[in-house]
Amino acid sequence: MYNYIEYGSSEISNDNIDDQEKYEQFMARIEVGEKIEPDDWMPEDYRQGLIKLISMHGISEIMGALPEKEWTPKAPTMKRKLGIMAKVQDEMGHGQLLLRVAEDLMQPYGKDRGDIMEDLLSGDLKFHNVFHMPTKTWADAGMVGWLVDGAAIISQTNMLDASYGPYQRALQRICQEEVFHAQHGEAIIMALAEGTDYQREILQESLNRWWPSLLMFFGPASADTTGSSKQNIMIKYKIRKSSNEELRQAFLDKYLPRVFSLGLTVPDETVHYDEAQEQWIYQQPDWNEFKQIIKNKGPRSKERLRLREIAYENNRWVRQALAKDQVMT
Amino acid sequence: MTVNSAEEANQDVAYSKALKELIYQLADDDFLISFRGSEWLGLAPHIEEDVAFSSITQNTMGHAFMFYQLLEDLGEGEIDLLAHERHPDVRRNGIYLEKRNGEGNYLEEPYYDWALTVVRHFLYETFKKVKLEAITKSSYKPLANIAGKVLMEQPYHLAHWRIWMNQLLNSTEEARDRIEARLNEAWEEFGDVLEFGFQATEMEHFDLIIGEEELKERWMDEVAKTIPNLPSEPLGKKFGSGREGQHTEDLDQALATLSEVYLSDKEAIW
Ligand SMILES: [Fe+2]
Ligand SMILES: [Fe+2]
C-alpha cells in the first residue's frame, strides 16, 4: 500500500553456484504462483526489498493515524466520533500486523521493531508523503478516508497476490478493512457535499489542498524523474504487478468522475481524458517537492515525528518496567 | 417496582428526575474518560497497547452513546445536543475523569503520564463494573438492559488495566513509585466519582441503584484485591463534586475540543 517503486536499489549478484541453483528454484516457484514463507531460502535483494517495503508500509499505517487523530475527538456527531475511532484503531492494527511481518524478515540481521522505530526517528525509514501534510478542517478527515484510503486500496489490490506469503495474507485482511474506511470517508464527504455553504466550502478547499499529494501518492512515473535507473525488483519478484503510473491512472479513472459528479473541481485546468491515448492527462505535481517531503522536510514531518519521539522518551520507564517483568517471569 | 418505558417513567416527575440524574452521570463519565483516551492515540508505550487502548476507548464512547440515547428517549433532547451543547454547570461526570493526561496538548508536545492513565482507568473501570452490576437490578428496565449489555465487554477493559497495575507495581522501583504517587493523588480527588449527587436519596428510594455507601464499600473491596496497600487517608474530593456540576478548566478544554466542529455550523447536518 504505502510504497513507491524505488529506482535506486542495487542488484545483488548471485555468483555462488549453490545459490544460483537455489535462486533458479526460487524463481520457478514464484513463477507458478507459489508463496514464499519466512523460513524458505530467498535471495538477499528479495529479503531486503521486502523489509524496506513492509516496514515503510507498517510505519505509514502508524504515522497515518496521526493526521486523523487530530480530528478524532472533534468529530461533529457521536456517530462520526465512533466511526473515526474505529478507523484509527484499524490503522494502528494494520501497523502492528505489518511490523510483525517485517520483524520476521529482519531476524537474520538480529534486528527488530526497536530498530524500525529508530530508523523512523533518524530519517532512514521513510513514511508515506500524504502523512506529512497538515490537516485544517473536518473535511480533511473525510478526504483522508475517501481519497487517501481510496488510493491505498488501489495500490494494495496491486499486491494482493504478492509472492511473499505473510505479506500477502496480511494484505487480504487489511484490504477488507480499507473498504470500510473508504466508505466511512465517502459518507463524510457526501454529507459535506449536500450540506451548507460552509460545508461545501471547506470540502472544496480541502480537495484543492490534497490534490498534489494525491497525485504524488503513487510515486513518480519513471526513473527519469528521480534520476536513477536501476531495474524494478518489486515487479520482477512478483510482489507487485503494475507500475506507478498505471496505478495513478486507475485512481483517476475511479475518482475523477465521482469528484465531478459531486460538483467539485480539482485545481488543474488541463485535466482531461484523452481518448486516443486512453489515459488521463494531468499537470504533474512538483516532484522536487515530493523528494523533500519524503526526506521529512514536508509541512508537518517534524511535528508528527516529534510526537513519536516524545512518546518514545516519555514511556522509557514503562519499557524498562516491562523488560524487568519479562526477566522475572 | 418496575418501570418498562420512558413514557411510564415520565409519568412520575420525582422518579424521572432521579433517573435522569443517574443516567447523566453514567453518560458524562464515559464521554469524558473516552475523550482522554482518544488523546492518547499513537502515544501509548507500544503499538499493541495503542491497538488495545483505542479499542477500549472506542467501546467506551459507544457506551456513552447508549446512555445519551436513553436520555433522548426520556425527552432530554437529541444525543448530539446532549453530548456537545450542554454547559459545564450541568455536566455530571466525576472531576477526576476530566483531568488532563499530563502536560502539553494532544496535538503538540504531549508529555502524557502513563502512570496517571493506568491508575485512573483501573479505578474507574472497577467503579464502573460495580455500579453497572448494581444497575442491572434497577427498577428502570431500559437502563438495566443497557447495563447488562455494557457488562458483556466492560470486564475485559477492567482486566486490561488490572494487568497493567500488577505489572507496574511489581517491576522497577521507579514504576512502583510513579504508580503510588498517582494513587495518592487519586485518593485526594476520586471522592465525587463515588457519589450520586443531589438525587442520591431518591435514587435509592426508587430502586434505581443501591445506596451510595454500599457502592463505595463494594468498590473499595474490589480495588483492594489488586492493590493491597491502599492509601490510609479517607477519600477526598479536592476540586469539589462533578456530580453537583462543579468542574475545572480541564473540562472546558475537553468540551472545546469535543464540540469544536459541531459548534462551527449548528445548522449543518454532518
Ligand atoms: Fe490501513
Ligand atoms: Fe485505512
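The values are calculated or read from the model by the stated rules, or taken from the named source; none is laboratory data. Because the structure is a prediction, the values reported are computed rather than measured. Quick reminder, even Gly has a Cβ in these numbers, built from the backbone with ideal geometry, and neighbours come from all protein chains shown. Please note that ligands, DNA and RNA were not included when accessible areas were found on the heavy atoms of the full protein model with its side chains. Shrake-Rupley method; radii C 1.70, N 1.55, O 1.52, S 1.80 Å.
Numbers below:
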item	result
A:Val259 vs. criteria β-branched (Val, Ile, Thr), away from chain B (no Cβ under 14 Å) and within 16 Å of ligand 2 (Cβ to nearest atom)	no
Criterion: open to solvent by less than 10 Å² (accessible area, probe 1.4 Å), away from every other protein chain (no Cβ under 14 Å), within 28 Å of A:Thr135 (Cα to Cα) and more than 16 Å from ligand 1 (Cβ to nearest atom) - qualifying residue of A:Pro220, A:Pro212, A:Pro267	A:Pro220
Among (1) free of Cβ contacts under 8 Å to residues at least 60 places away in the same chain; (2) within 25 Å of B:Ser259 (Cβ to Cβ); (3) more than 15 Å from ligand 2 (Cβ to nearest atom); (4) not in a loop (DSSP other than H, G, I, E, B) - the single one A:Trp146 does not satisfy	(3)
Among the candidates B:Ser55, B:Ser16, B:Ser34, residue that is among the hydroxyl-bearing types (Ser, Thr, Tyr), in contact with a helix residue (DSSP H, G or I) (Cβ under 6 Å, 6 or more places away or on another chain) and without any contact (Cβ under 8 Å) to a residue 12 or more places away in the chain	B:Ser55
Listing of helices (runs of 4 or more DSSP H) fully contained in the stretch A:185-255 that carry 2 or more residues being acidic (Asp, Glu) and modelled with pLDDT of 95 or more	A:197-216
Members of the stretch A:155-183 found to be more than 12 Å from ligand 1 (Cβ to nearest atom) and open to solvent by 10 Å² or more (accessible area, probe 1.4 Å), listed by number	A:Thr157, A:Asn158, A:Leu160, A:Asp161, A:Pro166, A:Gln168, A:Arg169, A:Gln172, A:Gln183
Failed item, numbered, when B:Pro155 is tested on (1) open to solvent by less than 40 Å² (accessible area, probe 1.4 Å); (2) more than 16 Å from B:Gly37 (Cα to Cα); (3) not in a loop (DSSP other than H, G, I, E, B)	(1)
Residue match in the stretch A:186-196 (condition: within 16 Å of ligand 2 (Cβ to nearest atom) and surrounded by fewer than 22 Cβ atoms within 10 Å (Cβ to Cβ))	yes
Meets criteria (within 16 Å of ligand 1 (Cβ to nearest atom), more than 17 Å from A:Glu309 (Cβ to Cβ) and in contact (Cβ under 8 Å) with a residue 24 or more places away in the chain) for A:Met85	no
Set A:Ala102, A:Ala152: member being open to solvent by less than 20 Å² (accessible area, probe 1.4 Å) and either at the interface with chain B (Cβ under 9 Å from one of its Cβ atoms) or within 13 Å of ligand 1 (Cβ to nearest atom) (or both)	A:Ala152
Residue match in the stretch B:12-22 (condition: under 11 Å from the mean Cα position of the chain (by Cα) and more than 14 Å from every other protein chain (Cβ to nearest Cβ))	no
Residue match in the stretch B:108-127 (condition: within 14 Å of chain A (Cβ to nearest Cβ), surrounded by fewer than 16 Cβ atoms within 10 Å (Cβ to Cβ) and among the charged types (D, E, K, R))	yes
Pair list, Cβ < 7 Å and 6+ apart or interchain, from the stretch A:39-58 residues that are open to solvent by 30 Å² or more (accessible area, probe 1.4 Å) to residues that are of a type in the set (Asp, Glu) and assigned to a helix (DSSP H, G or I)	none
Filtered residue count, the stretch B:31-51, keeping only those that are at the interface with chain A (Cβ under 7 Å from one of its Cβ atoms) and among the hydroxyl-bearing types (Ser, Thr, Tyr)	1
For A:Gln96: the one exception among (1) open to solvent by less than 20 Å² (accessible area, probe 1.4 Å); (2) within 16 Å of ligand 1 (Cβ to nearest atom); (3) within 14 Å of chain B (Cβ to nearest Cβ); (4) not hydrophobic (A, V, I, L, M, F, W, C)	(1)
Those residues of the stretch A:63-85 which are at the interface with chain B (Cβ under 7 Å from one of its Cβ atoms) and either in contact with a Ser or Thr (Cβ under 9 Å, 6 or more places away or on another chain) or closer than 23 Å to A:Asn129 by Cα (or both), in sequence order	A:Ala65, A:Leu66, A:Lys69, A:Glu70, A:Thr72, A:Pro73, A:Lys74, A:Pro76, A:Lys81, A:Met85
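Residues are listed down the side, and each one gets a yes or a no for (1) among the β-branched types (Val, Ile, Thr); (2) more than 16 Å from ligand 2 (Cβ to nearest atom); (3) modelled with pLDDT under 95:
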| residue | (1), (2), (3) |
| --- | --- |
| A:Phe127 | no, no, no |
| A:His132 | no, yes, no |
| A:Thr135 | yes, no, no |
| A:Ile153 | yes, no, no |
| A:His181 | no, no, no |
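Each row is one residue, and each column tells you yes or no for (1) in a loop (DSSP other than H, G, I, E, B); (2) more than 16 Å from ligand 2 (Cβ to nearest atom); (3) within 30 Å of B:Thr57 (Cβ to Cβ); (4) aliphatic (A, V, I, L, M).
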{"site": "A:Ala28", "(1), (2), (3), (4)": "no, yes, no, yes"}
{"site": "A:Leu50", "(1), (2), (3), (4)": "no, yes, no, yes"}
{"site": "A:Met56", "(1), (2), (3), (4)": "no, no, yes, yes"}
{"site": "A:Gly64", "(1), (2), (3), (4)": "no, no, yes, no"}
{"site": "A:Lys74", "(1), (2), (3), (4)": "yes, yes, yes, no"}
{"site": "A:Ile84", "(1), (2), (3), (4)": "no, no, yes, yes"}
{"site": "A:Asp90", "(1), (2), (3), (4)": "no, no, yes, no"}
{"site": "A:Gln96", "(1), (2), (3), (4)": "no, no, yes, no"}
{"site": "A:Arg100", "(1), (2), (3), (4)": "no, yes, yes, no"}
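Okay, residues lined up against (1) without any contact (Cβ under 8 Å) to a residue 24 or more places away in the chain; (2) under 18 Å from the mean Cα position of the chain (by Cα):
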| position | (1), (2) |
| --- | --- |
| A:Asp112 | yes, no |
| A:Asp115 | yes, no |
| A:Val130 | no, yes |
| A:Thr135 | no, yes |
| A:Asp140 | no, yes |
| A:Gln156 | no, yes |
| A:Tyr167 | no, yes |
| A:Cys175 | yes, yes |
